[in-house]
Amino acid sequence: MSDASPATSTQLPPSSRSARFKDKAFRSILFGSIVIAIVTLIALLVDIYLTGQPRLNADLFQRFASSLPERAGARAAIAGTLWVMGVTAVLCIPVGVAAAIYLEEFADKERWYNRLLELNIQNLAAVPSIVYGILGLAFIVRGFLGLGRSVLAGGLTLALLVLPIVVIASREALRSVPSSIRQAALALGATPWQAISRQVVPIAVPGIATGSILALSRAIGEAAPLLLVSGLTFITFTPTGVNSEFTVLPLQIFNWTSRPQEEFKVVAAAATVVLLGILLLMNSFAIWLRNRYQTRW
Amino acid sequence: MLHSSVTVQPPGRRARGLSLTRTRPRYGEALIKGLLVLCATISILTTVGIVVALAGPTVEFFQEVGPGSFFAGTDWAPLFSSPRFGVLPIVTATLVVTAVALLVAVPLGLGAAIYLNEYARPRTRKVIKPILELLAGIPTVVYGFFALTFVTPLLQKIWLGNDPPGIYNGLAAGLVMGIMILPIIASLSDEAIAAVPHSLRAGALALGSSRMQVAVRVVVPAALSGIVAAFVLGMSRAIGETMIVAMAAGSLPNFTLDPTQPMQTMTAFIAAVGLGDQPEGTIGYKTLFAVGSTLFVATFIMNVISIRLVRRFREVYE
């Protein structure tokens, strides 16, 4: 028995006119939900671009924050975003890929501790981001690690936030490598680690890279944890090192939006356009990477 | 999964004294495996860290403020000089905004999922799915900005009653949050609906059902556990969301069920206290952790339910 897809299967039309009308109306309503979603998306993008357009110039990149909206710029925020992203990437990608390799290649899935590990990662992926901020505030900024409100603290908090995403994406990438590759390597006398590191991982790299870029783009847009870790201190300098205070684009946007003056909303919109532009670049790069280097089996 | 500890015993082994097991232990392999395990356990450390970070100050908080007056009180002013600790205003605010968000996201998301599976051509589906994923990739600050600067003025302009919403209101935040969680509900429902075997649809069509009847009476009930999982996960996400409500719903606690009023949710409160830089050890500082614990426990329970449901529907059909 062949399985035709519902959209192409022949079907006797409903017999009565009211039944046909109901069917058409139902289909239109369903399509309408997609239309509403897309229209909202377009409205959002257009509105933000139009609002921010007056301030989309070099000033935005060169000036620092100021209490006067005409003199405010996002230079500190953009630099801070790049610094924090660097720290986050360095911390979460190696650890995440290593954890994924363990879970996918070495762990015996019947053991309770490995199942607990998997469940734990799935749970962490759904914990509200502000709870990570509480964790950061309690243990990373103050408390045990005591790093203060530094780039390192912010990067570490965000790394913990997106670690589950990197692990899950890397596991998918590793899973897509056919087992014949592993078995052939082992049959030729490779140790398990040789088989993984020299055969499986290189094939999975495009998927891992795509997943990591998506995780980083999620981290770039996160403001809630950094609200608690860094706060809204008035930053008028680019970070001097991993120990310096910082601010990031989402925090700056939040800060400016909360000010009463209308002109600040314009600058906030302009900064939002920059943020969305960075995200668009990153995601396009991830998609290009996947399409260019992904091997099809 | 790589097992190289299998021992093969050829017949007559004892007689010939040959062994096919490893003759030397591989220390390098064990070291590498240990490093990998270490990286995997960082996730456990994160969870333990979250629980420990929340538990200590929360316990201290409840020793000073009784659980009864916390969970049942309706006056929330923990940072005032004469503090009151009734948490209900911020809890109801969270629930009101979440309810509005779900009222938007569930019909739209489920409708989109049904359309993509039952009616759309494969090419249409390939175009629409990424666009819906785009909604999920927009930072929540951007959504908050949109709610404050576009949705609220729009609501004020088209409001039909006497009392239009103010600058800060839960309705705009809820509507925009609904758009934000729409992709979650849509993609999980889509997965659940796609997993329903085609034989069920074919049987219903053969018996003379219209496509609408197939979708509503056969497919959706069959995919129900996945759809409920999507609903629960969306609800958990909406409850835990901070930026949209912090920017658009306001920072004044307000015990009301009316979404057109300004209100402060649990997450917005945590953000406000965190920004206010309370000194460590004060009751104000501990309030942050008490509310954080409530939030964490609520979303944790919902996440566990959702994961269980997803596992169940994946097992049934695969």
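Which residues, taken from the stretch A:117-126, are at the interface with another protein chain (Cβ under 8 Å from one of its Cβ atoms) and over 12 Å from residue A:165 (Cα atoms)? A:117, A:119, A:120 - these are the residues of the stretch A:117-126 that are at the interface with another protein chain (Cβ under 8 Å from one of its Cβ atoms) and over 12 Å from residue A:165 (Cα atoms). Taken over the stretch A:34-86, the residue count meeting the criterion of being within 30 Å of residue B:113 (Cβ to Cβ), of a type in the set (Gly, Ala, Ser) and crowded, with 21+ Cβ neighbours inside 10 Å is 1.
Look at (1) buried (at least 21 other Cβ atoms within 10 Å of the Cβ); (2) within 23 Å of the chain's Cα centre (by Cα); (3) aliphatic (A, V, I, L, M) and you find that residue B:219 fails only one, number (2).
A single entry from A:258, A:244 fulfils the requirement of being free of Cβ contacts under 8 Å to residues at least 12 places away in the same chain and among the polar types (S, T, N, Q): A:258.
When the residues of the stretch A:133-170 are narrowed to those that are touching a residue at least 24 places away in the same chain (Cβ under 8 Å) and facing chain B (nearest Cβ under 8 Å), which ends up surrounded by the most Cβ atoms within 10 Å (Cβ to Cβ)? Filtering first and then ranking leaves A:167.
How about the stretch A:249-265: which of its residues are surrounded by fewer than 18 Cβ atoms within 10 Å (Cβ to Cβ) and either assigned to a helix (DSSP H, G or I) or within 16 Å of the chain's Cα centre (by Cα) (or both)? Across the stretch A:249-265, the qualifying residues are A:262, A:263.
Conditions tested, residue by residue: (1) under 30 Å from residue A:119 (Cα atoms); (2) of a type outside the set (A, V, I, L, M); (3) surrounded by 13 or more Cβ atoms within 10 Å (Cβ to Cβ); (4) in contact with a helix residue (DSSP H, G or I) (Cβ under 8 Å, 6 or more places away or on another chain).
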residue: B:43; (1), (2), (3), (4): yes, yes, yes, yes
residue: B:87; (1), (2), (3), (4): no, no, yes, yes
residue: B:101; (1), (2), (3), (4): yes, no, yes, yes
residue: B:113; (1), (2), (3), (4): yes, no, yes, yes
residue: B:117; (1), (2), (3), (4): yes, yes, yes, yes
residue: B:126; (1), (2), (3), (4): no, yes, no, no
residue: B:130; (1), (2), (3), (4): yes, yes, no, no
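The set of residues in the stretch A:208-241 being in contact with a Phe, Trp or Tyr (Cβ under 9 Å, 6 or more places away or on another chain), facing another protein chain (nearest Cβ under 8 Å) and closer than 30 Å to residue A:175 by Cα consists of A:222 alone.
Tell me, yes or no, whether the stretch B:249-264 has at least one residue that is in a helix (DSSP H, G or I), buried (at least 19 other Cβ atoms within 10 Å of the Cβ) and of a type in the set (A, V, I, L, M). No - not one qualifying residue is present in the stretch B:249-264. Quick one: in the stretch B:231-286, of everything that is within 11 Å of chain A (Cβ to nearest Cβ) and among the polar types (S, T, N, Q), which residue is farthest from residue B:53 (Cα to Cα)? Per the stated criteria, the residue is B:251.
Quick check: is even one residue across the stretch B:160-171 among the small types (Gly, Ala, Ser), surrounded by fewer than 22 Cβ atoms within 10 Å (Cβ to Cβ) and either in contact with a Leu (Cβ under 9 Å, 6 or more places away or on another chain) or within 9 Å of another protein chain (Cβ to nearest Cβ) (or both)? Looking through the stretch B:160-171, none of the residues is among the small types (Gly, Ala, Ser), surrounded by fewer than 22 Cβ atoms within 10 Å (Cβ to Cβ) and either in contact with a Leu (Cβ under 9 Å, 6 or more places away or on another chain) or within 9 Å of another protein chain (Cβ to nearest Cβ) (or both). Pairs meeting the criteria (first residue in the stretch A:183-208 and under 17 Å from residue A:99 (Cα atoms) and in contact (Cβ under 8 Å) with a residue 24 or more places away in the chain, second residue surrounded by fewer than 19 Cβ atoms within 10 Å (Cβ to Cβ) and aliphatic (A, V, I, L, M), beta carbons under 6 Å, at least 6 apart or on different chains) are A:192/B:2. Of the residues B:273, B:220, B:214, B:245, the single one that is in a helix (DSSP H, G or I), touching a Lys or Arg at 6+ places or on another chain (Cβ under 9 Å) and not acidic (Asp, Glu) is B:214. Residues that are touching a residue at least 24 places away in the same chain (Cβ under 8 Å), over 19 Å from residue A:27 (Cβ atoms), over 20 Å from the mean Cα position of the chain (by Cα) and facing chain A (nearest Cβ under 7 Å) within the stretch B:101-155 comprise B:145, B:146, B:148, listed in sequence order.
Scanning the stretch B:265-296 for residues that are without any contact (Cβ under 8 Å) to a residue 12 or more places away in the chain and either among the polar types (S, T, N, Q) or within 21 Å of residue B:246 (Cα to Cα) (or both) gives B:275, B:277, B:282.
Just to be sure before I move on: is residue B:185 over 22 Å from residue A:253 (Cα atoms), buried (at least 24 other Cβ atoms within 10 Å of the Cβ) and either more than 8 Å from chain A (Cβ to nearest Cβ) or modelled with pLDDT under 95 (or both) in the structure I sent? For residue B:185, the condition - over 22 Å from residue A:253 (Cα atoms), buried (at least 24 other Cβ atoms within 10 Å of the Cβ) and either more than 8 Å from chain A (Cβ to nearest Cβ) or modelled with pLDDT under 95 (or both) - is met. Exactly one residue among A:204, A:215, A:224 is surrounded by 21 or more Cβ atoms within 10 Å (Cβ to Cβ) and either closer than 20 Å to residue A:148 by Cβ or out of contact with any helix residue (DSSP H, G or I) (no Cβ under 9 Å at 6 or more places or on another chain) (or both), and that residue is A:224. Could you go through the stretch A:207-221 and let me know if any residue there is assigned to a helix (DSSP H, G or I) and in contact with a Pro (Cβ under 8 Å, 6 or more places away or on another chain). Looking through the stretch A:207-221, at least one residue is assigned to a helix (DSSP H, G or I) and in contact with a Pro (Cβ under 8 Å, 6 or more places away or on another chain). Contact map, the stretch A:268-296: residues that are without any contact (Cβ under 8 Å) to a residue 40 or more places away in the chain paired with residues that are in a helix (DSSP H, G or I), Cβ distance under 7 Å, separation 6+ or inter-chain. No pairs are found.
Being out of contact with any strand residue (DSSP E or B) (no Cβ under 8 Å at 6 or more places or on another chain), crowded, with 21+ Cβ neighbours inside 10 Å and part of a helix (DSSP H, G or I) is a description that does not apply to residue B:150.
The values are calculated or read from the model by the stated rules, or taken from the named source; none is laboratory data. Note that the structure is a prediction, hence the values are computed from the model and not measured. Please note: Cβ atoms are built from the backbone with ideal geometry, for glycine as well, and neighbour counts cover all protein chains shown.
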